[in-house]
Amino acid sequence: MRCALKKFMINIKKAISSKTSFIFDLDGTLFDSMGVWVKIDNDFLSRRGIAVPAFYGHEISSKSASEGALYTKELFGLPESTEEILKEWYEMSLKEYETRIKLKPFVYDYLLKIKNSGKKVAVATALSENLYIPALKNNKIFHIFDALTSTDEVKRGKSFPDVYELAMRKIGATPNETVIFDDVLPAIKASKQTGATVVGVYDSFSLSLKEEIKRTADFYIESFEELI
């Protein structure tokens with residue numbers, strides 16, 4: 001069993017090391033941050049006397065901020081405008097991303113490893129730049145990336161391939177030379193549509209969908225330690 005697992009990990013490393021461009025999601029992939037959004041969802045809805053449905057987190061996780069606000073407004077029949085919802089979410093999350101959000105274990109080491117090997121490195125996130133830029137700088141990885149891409153720059157959220165395709169264009173990469181890392185199922189399905197190699201990343205937030213993520217992605221890792 002251990003020999004088979006070791007051989008499998010060698011195959012993953014070999015397949016990924018042949019790529020020249022790397023695109024990473026942030027929340028739940030590089031950032032250990034999904035718990036922050038669970039708390040924000042609970043606090044936001046509890047202020048309105050609404051319990052968070054079990055499906056809500058997964059449904060909203062791959063949407064852009066604007067899509068998520070509209071989805072939330074329509075789902076719960078909220079009187080607030082989408083702009084008011086976005087403002088409240090922003091105020092609730094800003095301090096977290098400026099000071100508290102941390103990297104997952106071994107992320108820094110892996111990013112440094114691929115950057116030092118001459119690879120192109122990009123971000124593809126559903127976060128707005130006023131959240132992800134402070135967090136990248138606070139964790140001392142801002143300088144590693146050749147391009148930063150958000151769903152704010154495209155028409156559709158991460159349930160569609162748009163943000164990944166834009167990230168590839170920014171770094172001048174083709175799908176054949178690109179590997180994409182993400183942790184949520186809708187985003188993994190969308191990234192597969194680009195033709196790039198896709199690596200699913202474990203996050204406890206998506207534990208219930210782990211097996212489907214493993215079947216959908218080309219590869220799956222529990223930790224970035226496996227790739228170092």
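Values quoted throughout were computed directly from the atomic coordinates according to the rules given, and no laboratory measurement underlies them. Quick caveat, the model's predicted, so the values are computed rather than measured. Because the Cβ atoms are built from the backbone with ideal geometry, glycine has one as well, and the counts that use them run over all protein chains shown.
What's the extension gain from Asp43 to Glu226 if we count 0.36 nm per residue and subtract their Cα-Cα distance?
62.3 nm
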With Rg from the Cα atoms and Rh as the Kirkwood inverse mean 1/r over Cα pairs, the chain has an Rg/Rh of 0.97
Give, in nm to one decimal, the length gained when the segment between Lys155 and Lys214 is fully stretched (0.36 nm per residue of separation minus the Cα-Cα distance). 18.4 nm
Between Met92 and Glu59, what length in nm is gained on full extension when 0.36 nm per residue of separation is reduced by their alpha carbon distance? 9.9 nm
The correct pair for region 35-100, radius of gyration to one decimal and Dmax as a whole number, both in Å and from Cα atoms, is 11.3, 33
Output the relative contact order of region 35-100, whole-number percent, from Cα pairs under 8 angstrom with separation of 6+ residues. 31 percent
Distance from a point 7 Å along Cα→Cβ of Glu74 to each backbone N in region 179-195: keep the residues under 15 Å and list them by number. none
